[in-house]
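The values are calculated or read from the model by the stated rules, or taken from the named source; none is laboratory data. Remember, predicted model here, so these are calculated numbers, not experimental data. So basically every Cβ, Gly included, is an ideal-geometry build from the backbone, and we count neighbours across all protein chains shown. Ligands, DNA and RNA are stripped out before the accessible areas are found, and what is left, the full protein with its side chains, is counted by its heavy atoms. Shrake-Rupley method; radii C 1.70, N 1.55, O 1.52, S 1.80 Å.
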Amino acid sequence: MQLLELIDALPRDLRARVFTHASWAEARSESYERLEFLGDSVLGLAIARELYERFPEFPEGKLAKLRAHIVSRQSCAVVGRRLELANRLAAAAPDVPPDEVDRLATSRNVVSALVEAALGALYVENGFEPIQPAIVAAFQDRIEYAFTRHVDYKTELQEELARLGSKVSYSVLSVDGPPHERRFTAAAAIDGEEAGVGEGSSKKAAEQEAAREALAKVRVS
């Protein structure tokens, strides 16, 4: 079964909790947060097992980096939007102002949390083995993206900023060293404000490092 089919098959009360935000729950323990906590580990195990079996030649370090990217909030949000989980959250909202519902439904963190909450609920209802294939299937494109493009920080930053309606530009701050040992320092500016600085043996490498620093700041904001 696919992930949405499994979610639809959940008992009504458990499914309702998946789409209960803490701001409108009578108690935080009745919101999706506890299921989100559980689902985070379920997702990590499902992806770790898939990577372990699919890439037997990869060392632990590379597997860990791939898993971290695949289970990130950004990846979960991509999957959540594709499954249209935010629409279900909006439909489940009680007497909440429309602008507040829209804010929650468009929040990357909320959509990501919905995915993890759903996985937590599925684990509670079905255990791990019956749901692991559906989890892997839902994250298949994220696995391929991480494997083939891991990790293009400039692209990830651009995608993240596009969602926020912002833009990034890069500039070379300095070039040091002799011709055969150049060291470049580049800056990434978001909407004109410096957000990251990186160094590298090429302009491209320095920009990637600057993008990595800027992306980390964007994701915690």
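With the condition kept exactly as written, say whether any residue in segment 147-154 is under 27 Å from residue 33 (Cβ atoms), open to solvent by less than 50 Å² (accessible area, probe 1.4 Å), in contact with a helix residue (DSSP H, G or I) (Cβ under 8 Å, 6 or more places away or on another chain) and not small (Gly, Ala, Ser).
No, segment 147-154 has no match at all.
Go through segment 1-63 and tell me which helices (runs of 4 or more DSSP H), entirely inside it, have 1 or more residues that are over 15 Å from residue 126 (Cα atoms). If you could, list the steps in order and put the result at the bottom.
Values: elements: 3-8, 12-18, 33-54.
Result: 12-18, 33-54.
Among (1) at pLDDT 95 or above; (2) within 21 Å of the chain's Cα centre (by Cα); (3) open to solvent by less than 30 Å² (accessible area, probe 1.4 Å), which single condition is residue 123 missing?
(3)
Does residue 61 satisfy the criteria of being within 30 Å of residue 104 (Cα to Cα) and without any contact (Cβ under 8 Å) to a residue 60 or more places away in the chain?
Working: within 30 Å of residue 104 (Cα to Cα): no; without any contact (Cβ under 8 Å) to a residue 60 or more places away in the chain: yes.
Spelling it out, it is not the case that residue 61 is within 30 Å of residue 104 (Cα to Cα) and without any contact (Cβ under 8 Å) to a residue 60 or more places away in the chain.
Might you check whether a residue that is out of contact with any helix residue (DSSP H, G or I) (no Cβ under 6 Å at 6 or more places or on another chain), touching a residue at least 40 places away in the same chain (Cβ under 8 Å) and not aromatic (Phe, Trp, Tyr) occurs anywhere in segment 104-124?
yes
Quick check on this structure: which one of 113, 162 is in a helix (DSSP H, G or I), exposed (fewer than 14 other Cβ atoms within 10 Å of the Cβ) and of a type in the set (Gly, Ala, Ser)? Before the answer, list the steps.
Details: 113 fails: exposed (fewer than 14 other Cβ atoms within 10 Å of the Cβ).
Checking each option against the conditions leaves just 162.
Across segment 30-44, which residue is surrounded by the fewest Cβ atoms within 10 Å (Cβ to Cβ) among those that are closer than 15 Å to residue 15 by Cβ and among the small types (Gly, Ala, Ser)?
Looking at residues that are closer than 15 Å to residue 15 by Cβ and among the small types (Gly, Ala, Ser), I get 31.
Looking at 138, 105, 64, 90, which one is open to solvent by less than 60 Å² (accessible area, probe 1.4 Å) and either touching a His at 6+ places or on another chain (Cβ under 8 Å) or modelled with pLDDT of 95 or more (or both)?
One residue alone meets the criteria, 138.
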